[in-house]
Every structure is written in structure tokens, then in C-alpha cells.
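The values are calculated or read from the model by the stated rules, or taken from the named source; none is laboratory data. Small disclaimer: the values here were computed from a predicted structure and weren't measured. Note that we place each Cβ from the backbone using ideal geometry, even for glycine, and neighbour counts take in every protein chain shown.
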Amino acid sequence: MSDKELSVFSWNHVTTPPRGVRSHSINAENPTGAPGQAAQAASALGPGRKGSPAFDLPAGETAVLADIAGPGVIRHIWITVPDRTAAGPFVLRDLVLRFTWDGRDVPAVEVPLGDFFCNGFAARALVTSEPIVVAPTGGMNSYFPMPFRSRARIELVNEHGGVVPGVFYQVDYTTGDEVGDDAGYFHAQWRRSNGTTPLGEDHVILDGVHGTGTYVGTFVGLTSLHRYWWGEGEVKFYLDGDRELPSLCSTGLEDYAGGAWAFQDELRRSSEPEIVTFSAPYHGYPQHAHRDSSKASDFSTEALPMHGLYRWHLPDPIYFAEQIRVTLQQIGAWDFGLFERSDDVATVAYWYQIGEPGVRPLPGARDRSPR
């Protein structure tokens, strides 16, 4: 992403539109985004009275949410779906968002729907940040600018066990934009270490990326499989020529997410400090739960502790000229010091780049299921 594209996050062009640029919106009321073609479908109230606000997505099917001729920039994506169906829970992990730019064979984005919007574990959480907002109840928004030159294609894949009813969505975009040679394509990638990583081996957030680009954010969903504090691992960025040692690293996972001291409110002076969740423009800890909200079982709601964190590198982007690798140490702490852990870690990396990304097929729904 170029510096010009970064400016999309500011209030630019609020009074005078750029010459030749036009605004469009795609949803179930106007699937093509064509001018003067929205709200045609009739309802019981008559023509043009909310006749087609949503659609149902059968199991195994792929819905094309947008197929747009460029050049242009996707400015905003909004979507909401039920978080469970008659076929079971985990809809937010079973549905997959797939973005493809300019007819390329490899998707630039192939991420479980909930995780893309910082809702890990197939569970809802409120997020109030600069590029991602999740509002009550399950209104998921992305404000990442996504430039494209000739074509943008956005798909929603249903790998759930049954039909997902009531998929509501909207894609707001412009066409006619000047997309320069320095404008990188938006990418996002999901990876998981499912508690089987050998002790001392870091979780890989991103690898195999070659080209020039900008790393702009991370979402981490960690299910604790060991006792004691889970967040002492450092996030490490290996840039360009880095081999054994990285150029950048954090001092701990909660520090990377803008928090401190295990997110505990020590000021309450209670015998057991309370964990404090928060959501801010560039970093947050919106998810902390040890109860199962999926209603998957009638026997118990006890669950392993789940922790969801995000960090956006928008004011402080991480640039790379040739390649980038991002990892997370799995390190814990207790009264007698640090120790190696192997938790269930699922992450999303967000970045812009020029050049082909490394091929990283998304695991199937069974291998993505939350613990």
C-alpha cells in the first residue's frame, strides 16, 4: 500500500470528488452495483420496498458477493450472518471470505469469516477499531482500502454443515480511481498451530511472502492449553535479509496488543484481579472467555480459556522491500519464571504487497473447528 492509499483512512475528498471517480454499492438489492439499478425487487409492501435484503447460502455453495471491473478501490465491506444454524454452531469459522484481484489464480484473501473481523473461536465479540468494527449484534465492518486495476472478485464459501440463512452484506467501492504502480494489493492469511507444535517452536503468523509491501495488522486467537500465564511470547518480524534474528520484536503478546501485566486490573486490590478486555483504534483485547457460548452441548458450558487480540500497524506501518516473515513465540510465565508452551493459536496476518504471495491453502472446516 502506498502512502497515498494510507490517506484513505483520513477524511479526504469529502467535498470535491476526484475527477472521473464514481461511488457504487453492491448488496442483495443491487448485485452488480450498476448506477440506477438498486432496490428493484418487490416485497409485500410493493415494488422497491425492501424486496431483496438478503440471501440464503446452501452448504457447499460459493456466493459471489462482488465481481467488479476496474480500476477502483473497495472502501467498505459490511456483512452479518447467524452465528449458528440448525446444523450446528461455528458458522463464523465455517464460512470463508475469498478475495481475488485482477484475475489472479491465487486468492489474496482466504480467511474464515469471523477471524477476518477479529471474532475468533466462531464467537461474537464487539470490536471498535480503525479498520475493523464489529457492532451489535454481529454487524462486521472492514474499512481497509483495497485497490485493484482490472477486476475485483469477492466470494463467500459455505463449508458449514447446512444452509446458512439470512446472509446480509454490502460492498461500497469507487471506480475510475488512479491506481498507481506503487499501490499494493490487500492480502490476509489465516494460520493455526493446533496445540501440537513442539515446545520451543514458534507459531508462524506469516511466511513465504516475496515482494515489496507493507504489513498492517495481526489478529491472534489463542486457546490456552496449559496452566498459568499464556502471553509472554514475543511477536517477531524478519524483514528482507534477516535470518537468525529479526529486525523488530515485541516484549510480550499483551504488550504487542497495547496492554500490560496480563490485562489484569490490579487497582481493584481484590484477592483475584479481574481480567479487563478493551477495544481501541489500533490495538485491543476484545475476547476473553472460559464459557462456551455456542450452545453446542446441553451438558456443560465450561470451556478452555479463549483470548482474542488485535494490533493494527497503520500509524506505524512495517515496510519490507523483498520479503517478510512474522512469528509468535509460545512462552508462558509463573512464579518461578518463563516456560515453553504449546497452545491452540489461530492468527490472521494483514498486509499489502506488489508481487505474488506465497501459496498457502486454507485448511478444511474440520481442521479449523474451535476446540
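Restricting attention to the stretch 324-335, does a residue exist that is modelled with pLDDT under 95, over 20 Å from Ser142 (Cβ atoms) and small (Gly, Ala, Ser)? Give the derivation first.
Filtering the stretch 324-335 down to residues modelled with pLDDT under 95 leaves 334-335.
Subsequent filtering for residues that are over 20 Å from Ser142 (Cβ atoms) retains 334-335.
Right, trim to small (Gly, Ala, Ser) and you get none.
Checked the stretch 324-335: no residue is modelled with pLDDT under 95, over 20 Å from Ser142 (Cβ atoms) and small (Gly, Ala, Ser).
Kindly establish whether Gly176 is on the phi > 0 side of the Ramachandran plot and out of contact with any Ser or Thr (no Cβ under 8 Å at 6 or more places or on another chain).
When the stated conditions are applied, Gly176 passes them.
For the stretch 80-95, which positions are β-branched (Val, Ile, Thr) and touching a Ser or Thr at 6+ places or on another chain (Cβ under 9 Å)? Break it down stepwise before answering.
Kept after step one, since they are β-branched (Val, Ile, Thr), are these residues of the stretch 80-95: 80-81, 85, 91.
Once the filter is applied, which keeps residues that are β-branched (Val, Ile, Thr) and touching a Ser or Thr at 6+ places or on another chain (Cβ under 9 Å), the stretch 80-95 yields Thr80, Val91.
Among the residues of the stretch 175-190 satisfying the criterion of being surrounded by fewer than 20 Cβ atoms within 10 Å (Cβ to Cβ) and charged (D, E, K, R), which is farthest from Ile318 (Cα to Cα)?
Step by step, filter the stretch 175-190, then rank; the result is Glu178.
Glu29 fails exactly one of the following numbered conditions: (1) at pLDDT below 90; (2) at negative phi. What is the number of that condition?
So the condition that Glu29 fails would be (1).
Can you list residue pairs whose Cβ atoms sit under 6 Å apart, with the first residue in the stretch 122-146 being in contact (Cβ under 8 Å) with a residue 12 or more places away in the chain and of a type in the set (Ser, Thr, Tyr) and the second being outside any loop (DSSP other than H, G, I, E, B) and surrounded by fewer than 18 Cβ atoms within 10 Å (Cβ to Cβ)? Count only pairs 6 or more apart in sequence or on different chains.
Tyr143/His76
Does the stretch 45-56 contain any residue that is at pLDDT below 95 and among the aliphatic types (A, V, I, L, M)?
Yes, because at least one residue in the stretch 45-56 is at pLDDT below 95 and among the aliphatic types (A, V, I, L, M).
Counting only residues that are over 17 Å from Glu201 (Cβ atoms), in contact with a Ser or Thr (Cβ under 9 Å, 6 or more places away or on another chain) and either surrounded by 15 or more Cβ atoms within 10 Å (Cβ to Cβ) or hydrophobic (A, V, I, L, M, F, W, C) (or both), how many does the stretch 232-256 have?
Counting residues in the stretch 232-256 that are over 17 Å from Glu201 (Cβ atoms), in contact with a Ser or Thr (Cβ under 9 Å, 6 or more places away or on another chain) and either surrounded by 15 or more Cβ atoms within 10 Å (Cβ to Cβ) or hydrophobic (A, V, I, L, M, F, W, C) (or both) gives 3.
Run Glu254 past the list (1) farther than 18 Å from Pro305 by Cα; (2) outside any strand (DSSP E or B); (3) not aromatic (Phe, Trp, Tyr) and report the number of the one that doesn't hold.
For Glu254, the failing item is (1).
Specify which of the listed residues (Leu199, Leu248) is in contact (Cβ under 8 Å) with a residue 40 or more places away in the chain, more than 30 Å from Met146 (Cα to Cα) and hydrophobic (A, V, I, L, M, F, W, C).
Leu199
Can you name every residue in the stretch 314-371 that is of a type outside the set (A, V, I, L, M) and within 24 Å of Ser129 (Cα to Cα)?
Pro315, Asp316, Pro317, Tyr319, Thr327, Thr347, Tyr350, Trp351, Tyr352, Gln353
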